[in-house]
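Data first, discussion second: the structure below is written as structure tokens.
The values are calculated or read from the model by the stated rules, or taken from the named source; none is laboratory data. Note that this is a predicted model, so its numbers are computed, not measured. Cβ: placed from backbone, ideal geometry, glycine included. Neighbour counts: every protein chain shown. Heads up: the accessible areas ignore ligands, DNA and RNA and are worked out on the full protein's heavy atoms, side chains in. Shrake-Rupley method; radii C 1.70, N 1.55, O 1.52, S 1.80 Å.
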Amino acid sequence: LLWVVRERLGLTGTKFGCGVEECGACTMHIDGEATKTCQLPAGSVQGKRITTIEGLPADHPVKLAWIAEEVPQCGYCQPGMIMAASSLLAAHPQPTPAQVDQGMDGNICRCGAYPRIRKAIRRAAEGS
């Protein structure tokens, strides 16, 4: 799915990272759920709603929180992080720290921006 979206549809916000569903750079929403897509066959999502980072509005609370908290360093993993965080908050609008850990598990930030990521998730949950 990742390659169809990037190469055929030209939506290049979702990144290729590890290629083995470990890093989360390829995360998209499939029917609203954060899903790693680098190994996901495109045919398996037929009839499902697919949302990439481009599909989240610019004023989405998670995107605004990411900007306010100056989360990105290199930025490569951030689309996947934002997609995972927005799915997490849709399921748990006021997540506990354990829910944040679980919801973000499997999304790796090579720059180590985890404290700012957590702060941005809290900000988005608070709606500020």
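Per-structure values
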quantity: Around Lys15: net Lys/Arg minus Asp/Glu count, Cβ-Cβ under 14 Å; calculated: -1
quantity: Inter-centroid distance (Cα atoms) of segment 1-32 relative to segment 60-98, Å; calculated: 17
quantity: Heavy-atom accessible area ranking, 1.4 Å probe, most first, across Cys109, Cys74; calculated: Cys74, Cys109
quantity: Candidates Gly112, Gly43, Gly24: whichever shows maximal mean-square fluctuation once the chain is modelled as a Gaussian network with Cα springs under 10 Å; calculated: Gly43
quantity: Most mobile listed residue (Met28, Met81, Met104) in the chain, GNM with C-alpha springs under 10 Å; calculated: Met104
